[in-house]
Amino acid sequence: MSESSLRRVRVAVEAPQHSGLTEPLDYLGPQDLTPGTLVHVALGRRDVMGLVWDDLPEGQDLPEGEQLPESELRPVGEALDALPPLSDRWRKLVEFAAGYYQRSIGELALAVLPPQLRDLDAKQLQARLKKLDKADAEAAKAAAAIEGAAGMPAALPERPALTAQQQGALDALAEQSSREAPQPALLWGLTGSGKTEIYLRAAEAALERGQQVLVLVPEINLTPQLEARFAERFAGRSIVSLHSALTPAQRLRNWLAAHLGRAQLVLGTRLAVFASLPRLGLIVVDEEHDPSYKQQDGARYSARDLAVYRGHLEKVPVVLGSATPSLESWQHALGGRYRRIDLTERIGGGALPRVRLFDMNRLERKKGVTTALSVPLLDAMRKRLERGEQSLVFLNRRGYAPVLHCDQCNWKSDCPHCSAHQVFHKEDRTLRCHHCGVTTRVPRACPSCGNPDIAPLGRGTERLEEQLAQALPGARVARIDADTTRLKGSLESQLAAVHEGEVDILVGTQMIAKGHDFRRITLVAAVNPDGALFSSDFRAPERLFSLLMQAGGRAGRDAAQAARSEMWIQTWYPEHALYQSLLKHDYEAFAGSQLHERMTANLPPFAHLALVRAEGRSVEAARDFLTAAQAAAQALPLSLGLLLYPPVPMAIARVADSERFQMLIEAGSRAQLLRFLRAWLPELHALKRRQKGLTRWAVDVDPLAI
Ligand code: ADP
Ligand code: ZN
Ligand code: ZN
């Protein structure tokens, strides 16, 4: 190859943000190297995978002097050109996300590709593709054989006749998808109002047009039924899943199926928002309010927000579904940016469970004893037992008790490495820190004064399970939380036991409040949900309300039982506005009052936030870094009009011996915030190098937890 046949090409490589490389790097490559092609390149002394990026637009070249002369550029290595290039639109999505969440294009682009892809050379890739071809051919042959044996095409799975509301919703969606630039739709419907059926029908229409469909779910293992319903409805179609629990080989295979246009439907968690889909025709985001759509490390992106952007980019309809939409989405619908579609009735006309607020102040207080379970609640559960119905008791705290305590000397089971207690787990007699994981044996006596009488304070699901078993002899009590579901497959088998009716009372954390289509549950109880009412995180009430609505939705899913379904809330604050809205199942009123509060306090969605977090080996290291960062910010003209809050310790200030501080930035406009961050963050990279003892820092745009 002669020198003249080479040209300057930009290649996105995985350089972590702190290396300060934010733009793709220049290499020399063949004239016809297409953007979107994977190539091996040298980075320093390493051989890394890179992605050929777009040339800078005409006239936007870096000034002479800032650009390496061509004579100093290194040539690109082997290209994986058996793989069709990642599309223009895909690159635009990545470029947007990198700019918005303040990461380098290369880091994000490579991070969202299947990890195994990065390690392949051209030959190995070709072998993979060949294997995939073979598997596809065999699947096609098998399908043909089944059809041949039956003498006709496989019968279409049965579909329920749509209700008038569902038909209206689908018409509205169809109208959107016929538009040049469809508006995102917010599908607001109670649990059991038939939202999933809408997803299925909308997907069917897209598949019939020959398009691909992307369905995002919050957590794949909590939504096995959704997956099953898609699989059943679209039997014979090619459905793949994309989530982090797949093996690297499965993930690559499924990703390739999507990228090659063979998978017709991709069902996945947040990372699937970056799936390469050449014929994308519809995006569904189920439970769009769910916090797990936000990535919590690396590039902290919101898959829901990116889904909306992707829909805009690709001009395809996006359906955001929820019974309790995020206040951001709700506000967009109020403002007309999203098209709201309402489903106001449960299928079969079932009523929502009757909400009963039990005022804990009414309990007789015996000295030193607090009752977790009020007598009326136990009575209500007993009634269910007699009728052979199930109850679900929900407490968002696992373990036996959040802390062990000595009342002689006031010793508490504090974690030596965190500003948090070690949680008492009775089953294996351990004290475990839920933040750093450190686990120790339960001491026989108080480590501080020798008192043998150390006692658990408070309660978690393990203790609740024990108390329920004591209070309701003969009842079959089961518990589902992160501790009981550690082993692969155990969640599935435990859920199956509930469905089979082998459990009378199910105890658990929020894991059991989500998604599951339990048929025999007629009572749901939240025994101690008050904590979130007074949290310093302004989103805590929103999360609590949606969690309780969702938990309540587990009851009475069978219309025949709906009338006697109840949702119990044990609270010290029955008059609280949140509970009063819940009493009426009135999301709209709740959202209205929350939005009013947010507007008055200038909080999202009426303001835009970014959070910078710093971790250091000492308080000073973390704090001084942010203080210096703040000074640097104030020196920037772009910070004018922004609110820069002073650095404060995080709610749990120390985790695993790391001191953690954060600093909040508030802006009236998104564009202003992003412009400022772009100017400011390079200075933080420089500051980091100078700050001794600082272990890491990160920026979170649109942070969810504060
Ligand atoms: P959601 O997703 O809003 O919770 P689903 O779509 O799961 O609601 O519907 C609740 C139940 O009603 C499911 O069992 C579903 O199969 C059933 N269903 C949905 N639409 C209809 C319909 N039009 N006719 C009969 N049953 C339906
Ligand atoms: Zn003691
Ligand atoms: Zn710890």
Failed condition for residue 300, given (1) of a type in the set (D, E, K, R); (2) closer than 18 Å to residue 215 by Cα; (3) buried (at least 18 other Cβ atoms within 10 Å of the Cβ), with all others met? (2)
When residues of segment 327-358 are filtered for being surrounded by fewer than 14 Cβ atoms within 10 Å (Cβ to Cβ) and either within 16 Å of ligand 2 (Cβ to nearest atom) or more than 30 Å from the chain's Cα centre (by Cα) (or both), how many remain? 2
Considering only helices (runs of 4 or more DSSP H) wholly within segment 163-264, the ones with at least 1 residues that are in contact (Cβ under 8 Å) with a residue 12 or more places away in the chain, more than 11 Å from ligand 1 (Cβ to nearest atom) and among the hydroxyl-bearing types (Ser, Thr, Tyr) are 164-177
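So if I check each of 579, 573, which one is in a helix (DSSP H, G or I), more than 24 Å from the chain's Cα centre (by Cα) and either buried (at least 17 other Cβ atoms within 10 Å of the Cβ) or more than 16 Å from ligand 3 (Cβ to nearest atom) (or both)? Give the steps one after another, and end with the answer.
Working: 573 fails: in a helix (DSSP H, G or I).
Within the list 579, 573, the selection yields 579.
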Considering 556, 515, 531, which residue is modelled with pLDDT under 90 and either part of a strand (DSSP E or B) or farther than 28 Å from residue 604 by Cα (or both)? 556
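Using the structure shown, decide if residue 524 is surrounded by 22 or more Cβ atoms within 10 Å (Cβ to Cβ) and under 20 Å from residue 582 (Cβ atoms).
yes
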Among (1) basic (Lys, Arg); (2) within 30 Å of residue 80 (Cβ to Cβ); (3) modelled with pLDDT of 90 or more, the one test that residue 195 misses: (2)
Have a look at 626, 704, 681, 609 and point out the one that is buried (at least 17 other Cβ atoms within 10 Å of the Cβ), modelled with pLDDT under 95 and not in a loop (DSSP other than H, G, I, E, B). 681
Among what's in segment 403-433 and is modelled with pLDDT under 95 and more than 21 Å from residue 450 (Cα to Cα), pick the residue that is nearest to ligand 1 (Cβ to nearest atom). 427
Does residue 627 count as over 28 Å from the mean Cα position of the chain (by Cα) and closer than 21 Å to residue 529 by Cα? no
Scanning segment 677-691 for residues that are of a type outside the set (A, V, I, L, M) and touching a strand residue (DSSP E or B) at 6+ places or on another chain (Cβ under 7 Å) gives 688
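Out of 397, 441, I need the residue that is buried (at least 18 other Cβ atoms within 10 Å of the Cβ) and either more than 11 Å from ligand 3 (Cβ to nearest atom) or farther than 28 Å from residue 513 by Cα (or both). Which one? Steps first, please.
Details: 441 fails: buried (at least 18 other Cβ atoms within 10 Å of the Cβ).
One residue alone meets the criteria, 397.
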Using the structure shown, decide if residue 449 is assigned to a loop (DSSP other than H, G, I, E, B), modelled with pLDDT of 95 or more and buried (at least 18 other Cβ atoms within 10 Å of the Cβ). no
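Of the residues 103, 89, 128, only one is touching an Asp or Glu at 6+ places or on another chain (Cβ under 8 Å) and either touching a residue at least 60 places away in the same chain (Cβ under 8 Å) or in a loop (DSSP other than H, G, I, E, B) (or both); which? Before you say what the answer is, go through the steps one by one.
Numbers: 103 fails: touching an Asp or Glu at 6+ places or on another chain (Cβ under 8 Å); 128 fails: touching an Asp or Glu at 6+ places or on another chain (Cβ under 8 Å).
Step by step, each of 103, 89, 128 is checked, and only 89 is touching an Asp or Glu at 6+ places or on another chain (Cβ under 8 Å) and either touching a residue at least 60 places away in the same chain (Cβ under 8 Å) or in a loop (DSSP other than H, G, I, E, B) (or both).
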Per the filter on segment 86-122, residues over 15 Å from residue 302 (Cα atoms), of a type in the set (D, E, K, R) and within 22 Å of the chain's Cα centre (by Cα) are 107
Counting only residues in segment 17-53 that are over 29 Å from the mean Cα position of the chain (by Cα) and small (Gly, Ala, Ser), the one modelled with the lowest pLDDT is identified as 44
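Tally the residues that are farther than 22 Å from residue 322 by Cα and either β-branched (Val, Ile, Thr) or within 16 Å of ligand 3 (Cβ to nearest atom) (or both), restricting the search to segment 194-242.
Of the residues in segment 194-242, the ones farther than 22 Å from residue 322 by Cα are 207-212, 232, 234-240.
When the remaining residues are screened for being either β-branched (Val, Ile, Thr) or within 16 Å of ligand 3 (Cβ to nearest atom) (or both), the result is 239-240.
The number of residues fulfilling the criteria is 2.
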Among the residues of segment 629-678, count how many are hydrophobic (A, V, I, L, M, F, W, C), under 30 Å from residue 438 (Cβ atoms) and in a loop (DSSP other than H, G, I, E, B). 1
Pairs, first touching a residue at least 12 places away in the same chain (Cβ under 8 Å) and within 17 Å of residue 705 (Cα to Cα) in segment 582-608, second of a type in the set (S, T, N, Q) and not in a strand (DSSP E or B), C-beta under 7 Å, six or more apart: 605/331; 608/669
Answer yes or no as to whether residue 595 is modelled with pLDDT under 95, surrounded by 15 or more Cβ atoms within 10 Å (Cβ to Cβ) and not aromatic (Phe, Trp, Tyr). no
Residue, farthest from residue 602 (Cα to Cα), within segment 651-678, restricted to residues that are acidic (Asp, Glu) and surrounded by fewer than 18 Cβ atoms within 10 Å (Cβ to Cβ): 657
For residue 415, which of the numbered conditions (1) of a type outside the set (Val, Ile, Thr); (2) within 30 Å of residue 554 (Cα to Cα); (3) within 16 Å of ligand 3 (Cβ to nearest atom) fails to hold? (2)
Scope segment 206-225; condition in contact with a strand residue (DSSP E or B) (Cβ under 8 Å, 6 or more places away or on another chain) and surrounded by 16 or more Cβ atoms within 10 Å (Cβ to Cβ); matching residues: 206, 207, 211, 212, 213, 214, 215, 216, 217, 220
Show the residue pairs meeting these rules: Cβ distance below 9 Å; 6+ apart or different chains; first residue within segment 434-460 and of a type in the set (Ser, Thr, Tyr); second residue outside any loop (DSSP other than H, G, I, E, B). 439/425; 439/430; 439/431; 439/432; 440/430; 440/431; 440/432
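The values are calculated or read from the model by the stated rules, or taken from the named source; none is laboratory data. Source: prediction; values computed, not measured. Neighbour counts are summed over all protein chains in view; Cβ atoms, including those assigned to glycine, are modelled from backbone coordinates with ideal geometry.
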